[in-house]
Amino acid sequence: MSESGLKDMAELVSLCKRRGIVFPSSEIYGGINACWDYGPLGVEIKKAVKDRWWKAMTDRADVEGVDAAILMHPRTWEASGHVEGFVDPLVDCKTCKGRFRADKMDVTPCVQKPSKMASACDGEKGEPRLFNLMFKTHMGPVEESAAVVYLRPETAQGIFVNFLNVQQTMRQKVPFGIAQIGKAFRNEITPGNFIFRTREFEQMEMQFFVEPGTDMEWFEKWREIRFQWHLDNGLRREKIRWHAHGPGELAHYAKAAFDIEYEFPFGWQEFEGIHNRSDFDLRRHQEFSGKRMEYIDEIKKTRYLPFVVETSAGCDRSVLVLLAEAFRKGVAEGEERVYLKLHPEIAPYKVGIFPLMKKPELTEYADKIFDGLHKKYRCTYDDGGSIGKRYRRQDEIGTPYGVTIDYDTLSNHTVTVRDRDSMAQERISAEKIADYVGEKIKNWRA
Ligand code: GAP
């Protein structure tokens, strides 16, 4: 069978809608720009990604978890530099009424003439204006400036302000880390590319607090760990790469930074950043709050502000990477076949159960298999349409294994197991399905 990967994002968007993975938000009202809802299967995929990340981070004795509030004291964002510095240059076009990020006009199509990039069209452009990306709202019933609060633009600050709370209550010693998964909000000027750049998204962030001087060593360690995590999720080595931030690219807080990029149909793009944030954040919070943020090393009898190595992944963007990577299209047995080659642990269902026909003797047997197996592996049951059609439906949502119950099953208690990736079929004892699936999942490789 010949096959190709994802060439056009529209194919993935349409599959996600058709198969209950991602829907446009508020669709009955015409949708809302760049907002998306995860459907029943999408929520399972996203949860699997978060669970794998959480386990990889917090199974370590040196990483603790937190879940901080989205709304934080507004001084947090002054200290972090976001009130002053979290800005993008915005350009308005008087001709097409488009709004563009000044630094992205070479890659953003003109609204009126999409064949031309905004930088190359004849539209009359205004001067760039700085636009702060934080969403503002008001705390309490009065909309006055004293009541302004922000929706957090990154989860990291909820960790920095809790550094000593976590260190002291958990009796951790530096080096140690704090992990968090949660929503972040950015009023992006040009969101787009499906769930790649949205205004509401989830981050999976971990801040690792280290003694100054050991920061670059930890930075390298965490780069290696994070890259390997993505490979373990099933990304092909040739589809991900490092991008080192040059001096002009570094964020205001960063001493060193590397992005992990994926090759999407729309080009290489970042989906995780590893940053050496130095002691910038703790120092600034100490200054703005007036509270000492130093770590006391009881053994060395010293106190200092730790440096921080941050691993910051977008959860939605990681889901998009995994979906784009998994998308395969080809021809099999004379028909077009689309399937999602998802890691079995990330696939929404692990096994599809199919009685060959809707006959009570077959469906009763299939029901029993479903009830037994579903306790261990998330299963789906399908008895509608030809078996070929049912395989195709499961292929499109990435179900890695299909179990068919036929008349031979009734006489010799064997079933056919079909592998999503190779389409190979094997006859095995019905009693052994759980062990067989377990082994297959354990040994799966992209
Ligand atoms: N705390 C550091 C930080 O937030 P960032 O590079 O701005 O760093 C980290 O964001 C990750 O968050 C990105 O690599 C990306 O995966 C995700 N992300 C950022 N903005 C996003 C957006 N508008 N939509 C979806 N994901 C976004």
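Residue 60 fulfils the conditions (1) under 29 Å from residue 160 (Cα atoms); (2) charged (D, E, K, R); (3) not in a loop (DSSP other than H, G, I, E, B) except for a single criterion, (3). Take the stretch 279-314 and flag every residue that is over 35 Å from the mean Cα position of the chain (by Cα) and among the hydroxyl-bearing types (Ser, Thr, Tyr). Across the stretch 279-314, the qualifying residue is only 302.
Taking the numbered list (1) under 30 Å from residue 253 (Cβ atoms); (2) surrounded by 15 or more Cβ atoms within 10 Å (Cβ to Cβ) in turn, residue 85 passes all entries but (2).
Going through 236, 226 one at a time, which residue ends up being basic (Lys, Arg) and open to solvent by 40 Å² or more (accessible area, probe 1.4 Å)? If you could, list the steps in order and put the result at the bottom.
Details: 226 fails: open to solvent by 40 Å² or more (accessible area, probe 1.4 Å).
Result: 236 is the single residue among 236, 226 that is basic (Lys, Arg) and open to solvent by 40 Å² or more (accessible area, probe 1.4 Å).
I'd like the full set of residues that are within 16 Å of the ligand (Cβ to nearest atom) and either open to solvent by 10 Å² or more (accessible area, probe 1.4 Å) or more than 20 Å from the chain's Cα centre (by Cα) (or both), limited to the stretch 317-338. Scanning the stretch 317-338 gives 317, 322. Suppose we filter 210, 166 for residues that are more than 9 Å from the ligand (Cβ to nearest atom), surrounded by fewer than 20 Cβ atoms within 10 Å (Cβ to Cβ), outside the structural domain of residue 105 (by TED's automatic domain parsing) and hydrophobic (A, V, I, L, M, F, W, C); which single one remains? Every option except 166 fails the conditions. Every condition in (1) open to solvent by less than 40 Å² (accessible area, probe 1.4 Å); (2) modelled with pLDDT under 90 is met by residue 63 except one, and the failing one is (2). Working only within the stretch 1-26, note down all residues that are assigned to a helix (DSSP H, G or I), touching a strand residue (DSSP E or B) at 6+ places or on another chain (Cβ under 8 Å) and either without any contact (Cβ under 8 Å) to a residue 40 or more places away in the chain or assigned by TED's automatic domain parsing to the domain that holds residue 394 (or both). The one that is assigned to a helix (DSSP H, G or I), touching a strand residue (DSSP E or B) at 6+ places or on another chain (Cβ under 8 Å) and either without any contact (Cβ under 8 Å) to a residue 40 or more places away in the chain or assigned by TED's automatic domain parsing to the domain that holds residue 394 (or both): 17. Looking at residue 216, is it under 13 Å from residue 311 (Cα atoms) and either open to solvent by 50 Å² or more (accessible area, probe 1.4 Å) or of a type in the set (A, V, I, L, M) (or both)? No: the conditions fail for residue 216. Scanning the stretch 244-285 for residues that are farther than 30 Å from residue 326 by Cβ and open to solvent by less than 10 Å² (accessible area, probe 1.4 Å) yields 276, 277, 281, 282. When the test is whether a residue is among the basic types (Lys, Arg), within 25 Å of residue 51 (Cβ to Cβ), out of contact with any Leu (no Cβ under 6 Å at 6 or more places or on another chain) and in the same structural domain as residue 56 (by TED's automatic domain parsing), residue 226 passes it. Within the stretch 181-209, residues that are in a strand (DSSP E or B) and modelled with pLDDT under 95 have Cβ atoms under 9 Å from residues that are more than 6 Å from the ligand (Cβ to nearest atom) and open to solvent by less than 20 Å² (accessible area, probe 1.4 Å) in these pairs: 192/34, counting only partners at least 6 apart in sequence or on another chain. If you take the residues in the stretch 36-49 that are open to solvent by less than 50 Å² (accessible area, probe 1.4 Å) and in contact (Cβ under 8 Å) with a residue 24 or more places away in the chain, which one is farthest from the chain's Cα centre (by Cα)? Among them, the one singled out is 41. Residues that are assigned to a strand (DSSP E or B) and over 22 Å from residue 154 (Cβ atoms) were ranked within the stretch 243-302; the one that is farthest from the ligand (Cβ to nearest atom) is 302.
Here the stretch 170-191 is the region considered, the condition is being small (Gly, Ala, Ser) and more than 10 Å from the ligand (Cβ to nearest atom), and the residue that is surrounded by the most Cβ atoms within 10 Å (Cβ to Cβ) is 177. Of all residue pairs spaced 6 or more apart or on separate chains, those with beta-carbon atoms under 7 Å, a first member in the stretch 230-251 that is free of Cβ contacts under 8 Å to residues at least 24 places away in the same chain and a second member that is more than 14 Å from the ligand (Cβ to nearest atom) and open to solvent by 70 Å² or more (accessible area, probe 1.4 Å) are 231/237.
Conditions tested, residue by residue: (1) closer than 24 Å to residue 107 by Cα; (2) among the aromatic types (Phe, Trp, Tyr); (3) under 23 Å from the mean Cα position of the chain (by Cα).
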| residue | (1), (2), (3) |
| --- | --- |
| 201 | yes, yes, yes |
| 204 | no, no, yes |
| 210 | no, no, no |
| 226 | no, no, yes |
| 230 | no, no, yes |
| 242 | yes, yes, yes |
| 268 | yes, yes, yes |
| 273 | yes, no, yes |
| 277 | no, no, yes |
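Sub-6 Å Cβ pairs linking a first residue in the stretch 390-406 that is farther than 13 Å from residue 428 by Cβ to a second residue that is part of a helix (DSSP H, G or I) and open to solvent by 10 Å² or more (accessible area, probe 1.4 Å), at least 6 apart or interchain, are 397/41, ordered by first then second residue.
The values are calculated or read from the model by the stated rules, or taken from the named source; none is laboratory data. Owing to the predicted nature of the structure, the values given are computational and were not obtained by experimental measurement. FYI the Cβ positions are ideal-geometry reconstructions off the backbone, even for glycines, and counts take in every protein chain you see. For the accessible areas, the whole protein counts, side chains as well, though only heavy atoms, and no ligand, DNA or RNA atoms are used. Shrake-Rupley method; radii C 1.70, N 1.55, O 1.52, S 1.80 Å.
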